[in-house]
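The next block holds one structure in the form of structure tokens; read it before the comments.
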Ligand code: PGA
């Protein structure tokens, strides 16, 4: 059995003060949840504060991105050792917004995953097709290309895959549970064919997940959790979502 894994991707939202206020309200709401892994990925500026507040709790800290070099003249970038010292256990890598707005290729994603895992942090690897690609029946080709490129020469240790169809992100248009399960099944098959440990690797769904639809999504056999943007920004909504995954 794969333990459900619900992660909050706050994107470019919340100051340090807002992060503190969220965590103070959120932790009591989920303190008894043991059967779901919970992670919050705030902006870099909030990591240190969040790490203090999450200490000894059942909520892990993650980063939304990382750079693929150890250190040096890379103005504005953040290394994995910085994330580690800020208390992160995990980094989200290859989010479609990074791919789209910051031109991250599968090769870059691959380098980021490698350095992150080499330094002992886990990874949430995001993959997913655009609306145009779905309409042209290219979903599986896109997933195949992203998985092959991103996971080239890498094992699945410490990796969670997040299937996030771009057309469902922030749009209120969730994939139907069947569409999500079909894509997850394709990913699981791909992992079985190419890697060891496919059956214990968790595959999250992401794209307009809310407390209202999380249960139906999670009832699908291949859906092991969710990567949540908008609905993770309010403590009560994110707590309801976590409990809906039980
Ligand atoms: P959303 O974002 O839940 O706001 O659609 C999900 C994501 O981008 O990870």
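What follows draws every value from the coordinates through simple rules; no lab data is involved. It should be emphasised that the depicted structure is a prediction, and the values quoted were computed from it without experimental measurement. As a convention, Cβ positions derive from the backbone with ideal geometry for all residues, glycine included, and neighbour counts pool all protein chains shown.
Filter the stretch 98-112 down to the residues that are closer than 17 Å to residue 152 by Cα and either assigned to a helix (DSSP H, G or I) or within 16 Å of the ligand (Cβ to nearest atom) (or both) and list them by number. First the steps, then the outcome.
We begin by selecting, within the stretch 98-112, every residue closer than 17 Å to residue 152 by Cα; these are 104-112.
If the condition is that a residue be closer than 17 Å to residue 152 by Cα and either assigned to a helix (DSSP H, G or I) or within 16 Å of the ligand (Cβ to nearest atom) (or both), then 104, 106, 107, 108, 109, 110, 111, 112 are the ones that fit.
Only one of 92, 78 is touching a strand residue (DSSP E or B) at 6+ places or on another chain (Cβ under 8 Å), touching a residue at least 60 places away in the same chain (Cβ under 8 Å) and either surrounded by 15 or more Cβ atoms within 10 Å (Cβ to Cβ) or under 21 Å from residue 170 (Cβ atoms) (or both). Can you tell me which?
Working: 78 fails: touching a residue at least 60 places away in the same chain (Cβ under 8 Å).
Within the list 92, 78, the selection yields 92.
If you scan the stretch 67-97, which residues turn out to be part of a helix (DSSP H, G or I) and either away from the ligand (no atom under 16 Å from the Cβ) or out of contact with any helix residue (DSSP H, G or I) (no Cβ under 8 Å at 6 or more places or on another chain) (or both)? Spell out how you get there, then give the answer.
Of all residues in the stretch 67-97, those part of a helix (DSSP H, G or I) come to 80-85, 96-97.
Across the stretch 67-97, the qualifying residues are 80, 81, 82, 83, 84, 85, 97.
May I ask you to say which residue of 204, 220 is out of contact with any helix residue (DSSP H, G or I) (no Cβ under 6 Å at 6 or more places or on another chain), closer than 19 Å to residue 243 by Cβ and not in a helix (DSSP H, G or I)? Step through it out loud before you land on a result.
On the way: 220 fails: out of contact with any helix residue (DSSP H, G or I) (no Cβ under 6 Å at 6 or more places or on another chain).
Step by step, each of 204, 220 is checked, and only 204 is out of contact with any helix residue (DSSP H, G or I) (no Cβ under 6 Å at 6 or more places or on another chain), closer than 19 Å to residue 243 by Cβ and not in a helix (DSSP H, G or I).
Could you pull out the residue among 134, 111 that is crowded, with 16+ Cβ neighbours inside 10 Å and within 23 Å of residue 63 (Cα to Cα)? Steps first, please.
Values: 134 fails: within 23 Å of residue 63 (Cα to Cα).
The match here is 111.
How about the stretch 125-176: which of its residues are part of a helix (DSSP H, G or I), within 16 Å of the ligand (Cβ to nearest atom), in contact (Cβ under 8 Å) with a residue 40 or more places away in the chain and more than 16 Å from the chain's Cα centre (by Cα)?
167
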